[in-house]
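The values are calculated or read from the model by the stated rules, or taken from the named source; none is laboratory data. As the structure is a prediction and not an experimental result, all values here were calculated from the model. Neighbour counts are summed over all protein chains in view; Cβ atoms, including those assigned to glycine, are modelled from backbone coordinates with ideal geometry.
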Amino acid sequence: MKATPIKIDGIQFRSKLEGRWYLFMKRLGWNIIYEPEIEGLNNWIPDFLIIGKEHKILVDVKPIDRAKEWDTHPDHDKILNSGIKKLHDYELLIVGTNLQLDEDESMGIFYIRSDEDDLYEDGNCD
């Protein structure tokens, strides 16, 4: 299915799905930037940057309905090999078409930093 662009708050989103996530994050009061330019990333522009008190989280919106679909998504390797693993100030959140990708899991797939500063999948973001 082809994405339908939409304009919200003067920002041109590539899809209605991105626009819905933008509205959700704004309503939560999160400090977000759409399509941030992050030095050190190659061949990938994140959809959002969430700037938290302790962490910066790069967010990518994908048209997936279940967490298991992420492992076989065409952008999976592209994103994980984009250089994000070397950017120690950032974590990664992959979100899909809804707030609950699976029955017992919610919001998305979250990659966090370990004590050794490695990026690893922490399962789903609860």
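Key figures
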item: Search result, residues across region 1-15 that are surrounded by 13 or more Cβ atoms within 10 Å (Cβ to Cβ) and out of contact with any helix residue (DSSP H, G or I) (no Cβ under 9 Å at 6 or more places or on another chain); result: 14, 15
item: Where a residue in region 12-26 is touching a residue at least 40 places away in the same chain (Cβ under 8 Å) and its partner, wherever it lies, is of a type in the set (D, E, K, R) and surrounded by 21 or more Cβ atoms within 10 Å (Cβ to Cβ), with Cβ under 8 Å and at least six apart; result: 18/47; 21/47
item: Matching residues in region 36-80 - criterion: being surrounded by 15 or more Cβ atoms within 10 Å (Cβ to Cβ), within 15 Å of residue 21 (Cβ to Cβ) and among the charged types (D, E, K, R); result: 47, 60, 62
item: Of the criteria (1) surrounded by fewer than 16 Cβ atoms within 10 Å (Cβ to Cβ); (2) within 12 Å of the chain's Cα centre (by Cα); (3) of a type outside the set (Phe, Trp, Tyr), which one residue 89 fails; result: (2)
item: Tabulated pairs, region 49-70, first farther than 17 Å from residue 29 by Cα, second modelled with pLDDT of 85 or more and acidic (Asp, Glu), C-beta under 7 angstrom, 6+ apart or interchain; result: 60/47; 61/18; 61/47; 62/75
item: Scope region 51-74; condition of a type in the set (Val, Ile, Thr) and either out of contact with any helix residue (DSSP H, G or I) (no Cβ under 7 Å at 6 or more places or on another chain) or modelled with pLDDT under 95 (or both); matching residues; result: 51, 57, 59, 64, 72
item: Any hit, region 8-19, residues being more than 20 Å from residue 110 (Cβ to Cβ) and either aromatic (Phe, Trp, Tyr) or in contact with a Leu (Cβ under 6 Å, 6 or more places away or on another chain) (or both); result: yes
item: Selected residue (only one of 69, 18, 37 is of a type outside the set (Gly, Ala, Ser) and touching a Gly at 6+ places or on another chain (Cβ under 9 Å)); result: 69
item: From the options 71, 60, residue that is closer than 24 Å to residue 114 by Cβ and touching a strand residue (DSSP E or B) at 6+ places or on another chain (Cβ under 6 Å); result: 60
